[in-house]
Amino acid sequence: MLTATLQGQTFAERLGWSPQQVVVILHVDDVGMSHSSNLGAIQSIEQGVANSWAVMMPCPWVSEIAQYLMEHPQVDSGLHLTLTSEWKPYRWGPLAGKPKVPGLVDYEGCLWSSVAQVLASASAEEIEIEIRAQIDRAKSLGMPITHLDSHMGTLFAHPDYFERYAKVGIEHQIPILVAGGHLTHARKENGEAVERLKPWVEKVWDAGLPVIDDLHTASYSWPANEKPQRLRDLLKSLHPGITEILFHASEPSDIFPLITGSSASRKGDLEALISNQVRQTLTSEDIVLTTWKELARRRKEVKP
């Protein structure tokens, strides 16, 4: 763990942690995408060190995770706002319906496969309509919504999209994923978006929502068999502040490789998150685990 204080106050400090404290969210994306995704996420939290996840509301296996959340309402469960459908044989469409969001729909009637296609076709108004439809479905299913983030980073790809995302989060007072601290990993992994969205950081904070200091998304590209050690190394290198680390933990079934070519990588994420060595590293490095639910509570206790 690095002990040198970075210039300026971290958002962790603003939320009441000490200047030297490393605070981490170990977060699982793509929950609800498949049965394998749900199993991996549940194992990561029940047997491992993951402490947060986000659900893809347009996907076929959302009802299973909604039923799980009815029995486990304490889980830090957000919405992985989904505006793309990237797998060729396994697809989904917008919850708002094609007539309301035609710019989000491809020739199959599904969401576009790539962020670039969304950017070329969808208006900010359609983006907001679909965000609201996904929140509405989660509420209809009785699901908690501890935070909002963005599948494939679509909402970070254009300032007008991000504005609608922030608008809805602020209106509902649901924390949104936005990093604005030292940005050690976020700047390396997506520097253009970091700079483009910088003006929003204090706006989100001033609206009463928490902000984190850094976001690490590169675990997706780690070799599957190296993920436990890579995670241990990452945890030892983190700067003080709040860092969210993203995973796509899954427990592959026989058919899961037919959905995605990343089956082995996602199994590797699960192995990292249930690793006893990773758990020991969290303890030895004195890392604090937090959740979006806790960030929201702490933000409410801080003066504007």
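The values are calculated or read from the model by the stated rules, or taken from the named source; none is laboratory data. Everything quoted here is computed from the prediction, not taken from an experiment. In this analysis, Cβ positions are derived from the backbone assuming ideal geometry, glycine residues included, and neighbour counts consider all displayed protein chains.
Those helices (runs of 4 or more DSSP H) of the stretch 224-304 in which 3 or more residues are buried (at least 18 other Cβ atoms within 10 Å of the Cβ) occupy 227-237, 263-273, 276-284, 292-301. Note on the stretch 76-106: residues that are in a loop (DSSP other than H, G, I, E, B) and over 22 Å from Leu258 (Cα atoms) total 9. Just one of the listed residues (Leu111, Leu141) is touching a residue at least 60 places away in the same chain (Cβ under 8 Å) and under 19 Å from Pro60 (Cα atoms), and it is Leu141.
Please determine whether any residue of the stretch 109-116 is at pLDDT below 95 and farther than 17 Å from Leu197 by Cα. For the stretch 109-116, residues at pLDDT below 95 and farther than 17 Å from Leu197 by Cα: absent. Applying the selection to the stretch 200-254, what residues are modelled with pLDDT of 95 or more, aromatic (Phe, Trp, Tyr) and touching a strand residue (DSSP E or B) at 6+ places or on another chain (Cβ under 8 Å)? Matches in the stretch 200-254: Phe247 only.
Only residues that are part of a loop (DSSP other than H, G, I, E, B) and either under 17 Å from Thr260 (Cα atoms) or hydrophobic (A, V, I, L, M, F, W, C) (or both) were counted in the stretch 107-122, giving 5. Residues in the stretch 160-205 that are within 18 Å of Arg297 (Cβ to Cβ) and more than 15 Å from the chain's Cα centre (by Cα): 5 in all.
Filtering the stretch 6-56 to residues that are within 17 Å of Ile287 (Cβ to Cβ) and modelled with pLDDT under 95 leaves only Leu6.
With the condition kept exactly as written, say whether any residue in the stretch 44-55 is more than 30 Å from Glu294 (Cβ to Cβ), of a type outside the set (Phe, Trp, Tyr) and assigned to a loop (DSSP other than H, G, I, E, B). No.
Considering only the stretch 47-73, state which residues are charged (D, E, K, R) and either in contact (Cβ under 8 Å) with a residue 40 or more places away in the chain or within 23 Å of Ile259 (Cβ to Cβ) (or both).
Across the stretch 47-73, the qualifying residue is only Glu64.
All of (1) within 19 Å of Thr290 (Cα to Cα); (2) outside any loop (DSSP other than H, G, I, E, B); (3) touching an Asp or Glu at 6+ places or on another chain (Cβ under 8 Å) hold for Pro19 with one exception: (2). Restricting attention to the stretch 159-173 and to residues that are touching a Phe, Trp or Tyr at 6+ places or on another chain (Cβ under 9 Å) and not hydroxyl-bearing (Ser, Thr, Tyr), the residue that is surrounded by the fewest Cβ atoms within 10 Å (Cβ to Cβ) turns out to be Pro159. Name the residues in the stretch 227-249 that are of a type in the set (S, T, N, Q) and over 15 Å from the mean Cα position of the chain (by Cα), would you? Selection gives Gln229, Ser237.
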